[in-house]
Amino acid sequence: ILVPNSDSDVSVQGRGAVVVPRFVRTGDIGEATEGLIVMVVGRITSLADDEPFGQKVFVNDGSGQIRIFINNGANIDVSHLHVGQPVAVTGLSGQFEDYEIDPRFPSDFLAF
């Protein structure tokens, strides 16, 4: 595998296809979804501070709870969130200790 030495060693060759998130039930996030961009819709069941790294928001649509890890670098404002609030979350399905979804930017986390 060739790894570039600097940003100047990389050039944009065009755009690829738009990635459409896969809609998944919260309880189905796991090995089969790891590495995919997914979307879940559910209600916040709990919130937890994970500073200095970010915040954890737990969401359930009735099929099982999933952790949403909001990295501080994603610039997603969590100050207005509360338990019971409906949310739609898009992000990378991955694993850190347990399975989770990692939203990438503010538009990935919609609270109603």
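Yes or no, residue by residue, for (1) outside any loop (DSSP other than H, G, I, E, B); (2) farther than 11 Å from Val40 by Cβ:
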{"position": "Gly73", "(1), (2)": "yes, yes"}
{"position": "Ile76", "(1), (2)": "no, yes"}
{"position": "Ser79", "(1), (2)": "no, yes"}
{"position": "His82", "(1), (2)": "no, yes"}
{"position": "Ser93", "(1), (2)": "yes, no"}
{"position": "Ile101", "(1), (2)": "yes, no"}
Do we have Phe69 as of a type in the set (Phe, Trp, Tyr), out of contact with any helix residue (DSSP H, G or I) (no Cβ under 8 Å at 6 or more places or on another chain) and under 25 Å from Val18 (Cβ atoms) here? yes
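Can you find a residue in region 41-55 that is without any contact (Cβ under 8 Å) to a residue 24 or more places away in the chain and within 18 Å of Ser107 (Cβ to Cβ)?
Within region 41-55 (the criterion being without any contact (Cβ under 8 Å) to a residue 24 or more places away in the chain and within 18 Å of Ser107 (Cβ to Cβ)), the answer is yes, since at least one residue qualifies.
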Based on this model, can you work out whether Arg22 counts as open to solvent by 90 Å² or more (accessible area, probe 1.4 Å), over 16 Å from Phe109 (Cβ atoms), among the charged types (D, E, K, R) and at pLDDT 95 or above? yes
Only one of Leu36, Leu81, Leu47 is open to solvent by less than 70 Å² (accessible area, probe 1.4 Å), touching a Leu at 6+ places or on another chain (Cβ under 7 Å) and of a type outside the set (Lys, Arg), namely Leu81
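Yes/no matrix, rows are residues, columns are (1) in contact with a Gly (Cβ under 8 Å, 6 or more places away or on another chain); (2) more than 21 Å from Glu31 (Cα to Cα):
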| residue | (1), (2) |
| --- | --- |
| Asn71 | yes, yes |
| Val78 | no, yes |
| Thr90 | no, no |
| Glu97 | no, no |
| Asp108 | yes, yes |
| Phe112 | no, yes |
Within region 49-68, the residues that are assigned to a strand (DSSP E or B) and either among the hydrophobic types (A, V, I, L, M, F, W, C) or at pLDDT 95 or above (or both) are Gly54, Gln55, Lys56, Val57, Phe58, Val59, Asn60, Gln65, Ile66, Arg67, Ile68
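The values are calculated or read from the model by the stated rules, or taken from the named source; none is laboratory data. Keep in mind that what you see is a predicted model, and the values were worked out from it rather than measured. A quick note on method: Cβ atoms are made from the backbone with ideal geometry, for glycine too, and the neighbour counts reach across all protein chains shown. Note: accessible area is taken over every heavy atom of the protein model, side chains too, but ligands, DNA and RNA are not part of it. Shrake-Rupley method; radii C 1.70, N 1.55, O 1.52, S 1.80 Å.
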